[in-house]
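One structure is given below, encoded as structure tokens.
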Amino acid sequence: MRRLGLILAASVALAAGAARAGEMRVLSLDSCADQYVVALAPREAIVGVSPRADDDDSWMKAEAKGLPQRRPTLEAALAARPTLVVRYWGGDERLVRALEARGAKVVGIDDASDFDGVRDDVRKVAAAMGRQAQGEKLVARMDAQLAASRGAWKGEKALYLTPGGFTAGNKTLIGAMLNGAGLKSASDSQWFDSVSLEKLVLDPPRLLVLGFFDAVRGGRWAPGRHPLVGRLAKERSAASLPGAILGCPGWFVAEGSARLAASAPKR
């Protein structure tokens, strides 16, 4: 206990000194926050990313290599002496309160169900870093991809499907991605829902959009891994999109729209 107390006291003193000197020290608490921190913060200001920052399902994995990885624990977070902490789901309220009490600013990434929500998230995190110009570049890149993808599928319907047998409706960010390429979700639900394997096989949709099928942890016995679904996917999938595009509410979801648009028939 005495050792932990000394660590905490030292961390508080050092963080205060950094803040007085105007030095920005940015810490990410989870894999979605990693994407924003790596894309927006100066590399020398990043004092920690999550242990998953360079995993295969991280959009910014190449850029994250070599950055210090920290678990979202109180001791690890305080040892990093952050002045700014970015989180989506990582860390609990106790950790957040402790960081704020010691002078760190905590910025949360909000759930986004459309691209306007993504724009708001990018601008909020960029503003917290004083990196508005970098944020606007990400937004502009996203908007350029959406503009180039718009209407490619002429309003056709497609069923989004994950290995676990889940789909997404038009009021989700996945739905916005489909809409961005001129597709509409074929799901009966406007939100996230499960898919009946029997219905999928007996009454298959004209088009499928596969998501997360690059993930090994999907499980060979999951509904979406069924051989009949695999055969259907080979015949009817417009694209198979990786988890790196789909796993977080970020500007890179527009890459999904771009890949779908590229697979649309030329008319």
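The values are calculated or read from the model by the stated rules, or taken from the named source; none is laboratory data. This is a predicted model, so every value here is computed, not measured. Here the Cβ positions follow ideal geometry from the backbone for every residue, glycine too, while neighbour counts run over all protein chains shown.
If you scan the range 141-180, which residues turn out to be among the hydrophobic types (A, V, I, L, M, F, W, C) and in contact with a Lys or Arg (Cβ under 8 Å, 6 or more places away or on another chain)?
At the first step, the residues of the range 141-180 found to be among the hydrophobic types (A, V, I, L, M, F, W, C) are 142, 144, 146-148, 152-153, 158-159, 161, 166, 168, 173-174, 176-178.
Listed by number, the residues that qualify are M142, A158, L178.
Residue selection: A53 satisfies the criterion of being among the small types (G, A, S), closer than 20 Å to M129 by Cα and not assigned by TED's automatic domain parsing to the domain that holds V253.
Filtered by the rule that a residue be among the small types (G, A, S), assigned to a helix (DSSP H, G or I) and farther than 27 Å from R123 by Cβ, the range 38-82 gives A76, A79.
Condition check ((1) charged (D, E, K, R); (2) in contact with a Leu (Cβ under 9 Å, 6 or more places away or on another chain)) across all residues:
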site: Q134; (1), (2): no, yes
site: A140; (1), (2): no, no
site: A147; (1), (2): no, no
site: A152; (1), (2): no, yes
site: K157; (1), (2): yes, yes
site: L161; (1), (2): no, yes
site: L173; (1), (2): no, yes
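Find the residue count for the range 172-190, including only residues that are modelled with pLDDT under 95, under 20 Å from D111 (Cα atoms) and touching a helix residue (DSSP H, G or I) at 6+ places or on another chain (Cβ under 9 Å). The qualifying residues number 1.
Checked against (1) at pLDDT 95 or above; (2) over 25 Å from D111 (Cα atoms), L241 passes all but condition (2).
Going through the range 59-81 one residue at a time, which ones are surrounded by fewer than 24 Cβ atoms within 10 Å (Cβ to Cβ) and either on the phi > 0 side of the Ramachandran plot or under 14 Å from the mean Cα position of the chain (by Cα) (or both)? Correct list: M60, K61, G66. With the requirement that a residue be surrounded by fewer than 21 Cβ atoms within 10 Å (Cβ to Cβ) and not aliphatic (A, V, I, L, M), what does the range 253-264 give you? Within the range 253-264, R259, S263 meet the criteria.
In the range 21-41, what residues are free of Cβ contacts under 8 Å to residues at least 40 places away in the same chain and surrounded by fewer than 17 Cβ atoms within 10 Å (Cβ to Cβ)? Don't jump to the end; show me each part of the working.
Filtering the range 21-41 down to residues free of Cβ contacts under 8 Å to residues at least 40 places away in the same chain leaves 21-22, 34, 38.
Within the range 21-41, A21, G22 qualify.
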